[in-house]
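Below: one structure, written as structure tokens.
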Ligand code: GBH
């Protein structure tokens, strides 16, 4: 059966997602302060080809035509993030009026085009000034984040009714502070777990601030990157390994948000590496959410492997499956499994897919940019969304990652995720086949 938009509920939201450092550029303009990604990308060996986000998609200057593009695609919502150091160059204290004005224009531009803004406060670009004082390892940063949330809510809260505090705390903590592959490039498991705890504290402190300072119908949520975990076999030791990995990957992030504290098995396995938690923290972190945002990219399959890593397990590279340019397995069914499980175990009031998308090597595409793989990826995952809805799960929207090819963190400009192709020499934007397909899909046939 062909997939059509009218199979979805009429109120279902259709959007695209981006983030500040990945698209804005203008890294040193209008009083913006440095972020940890401005400094990280300058350290040798951190990013492929020594790429950086100084210009990126130049969205800071091209935002109007980019909004026109979204409108032309038929999207009704847009998820973007705010650069904290653009608004507060020192992370705290004096507000940079010019920086804040950019987001004012963006929000007004969206509303003028009948699109709903979903504003993420933190998509990894911490002010360097706060990093210099210990960054997320320092508990004080959580309180600075709550102040930053208040600045944004006071300025934009009359028009913004959807806030996302953090994007993928897993990445902030683990990729930034344990693996060191993202800014600030630290490799220390205790620091990573302490980071996550302070990120969560900052989230819990910001939730009431955003609610109180914004319109009365404001919805506040958080976005997690979750990976459904499968055992490599039915053997009990593989099932147990999958459960351990799920603790590391998913439960560590879900449980505290839903009032269950950190999962005990994972906590115990960390021994002396666990974070320092003050008595009031878990209550603050469990502030009720209006929605949970889920970023879904791929599943993970693991097997028991004594002595391997912290959790005595190994990831299994499943054979004979389709993979993206990142080597991530294409596994649409994982989306249904994941959302079903999250809903059963945690009962979030609402769910949103705040990112889903794929990178394929576009370098060989012809003039017409026929990215069939990406189109098929979108379509297969949208079909899974229908299954999720059939199960009565309150999934309220889908945001494609991403509108534009952009700065893909440690991979630089080598990995393209856009529905719209960007020529990084000329900044020319051209719709790929996947974007044309999306546009046609969103054009509801008039009955
Ligand atoms: C998202 O994160 C980001 O929000 C977005 O900025 C980014 O551009 C997009 O996806 C595409 O990458 O540590 O080796 O086990 C990606 C989600 C979560 C995928 C962590 C990789 C860990 C792989 N990521 N996951 S690994």
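The figures follow:
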item: With 10 Å bins from 0: P(r) over the stretch 190-290, alpha-carbon pairs, percent; result: 14, 40, 28, 13, 3, 0
item: In Å, descending, principal axis extents of the Cα set of the stretch 322-447; result: 47, 43, 25
item: The stretch 84-173: mean projected area of Cα convex hull, nm²; result: 5.8
item: Within the stretch 277-307: backbone nitrogen closer than 12 Å to the residue 265 label point (7 Å, Cα to C-beta); result: none
item: Globularity index of the stretch 5-442, i.e. its alpha-carbon radius of gyration over 2.2 N^0.38 Å; result: 0.92
item: The stretch 242-322 - Rg and Dmax from Cα coordinates, angstrom; result: 15.4, 49
item: Relative contact order (%) - criterion: Cα under 8 Å, at least six apart; region: the stretch 5-442; result: 17
item: Mean Cβ neighbour count within 10 Å, used as a protection proxy, ranking 249-256, 140-147 highest first; result: 249-256, 140-147
item: Computed E for residue 278/residue 439 - FRET, C-beta separation, R0 41 angstrom, nearest 0.05; result: 0.25
item: Translational D in µm²/s for the stretch 383-430 (Stokes-Einstein at 4 °C, 1.567 mPa s, Kirkwood Rh from C-alpha pairs); result: 100
item: Expected 222 nm ellipticity per residue - DSSP helices of 4 or more, -39500 (n - 2.57), all of the chain, to 500; result: -11000 deg cm²/dmol
item: Share antiparallel - DSSP beta bridges, the stretch 299-447, percent rounded to 5; result: 70
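Throughout, read-outs are computed from the coordinates displayed, never taken from laboratory work. Just so it is clear, the model here is predicted, and its values are computed rather than measured. Please note: Cβ atoms are built from the backbone with ideal geometry, for glycine as well, and neighbour counts cover all protein chains shown.
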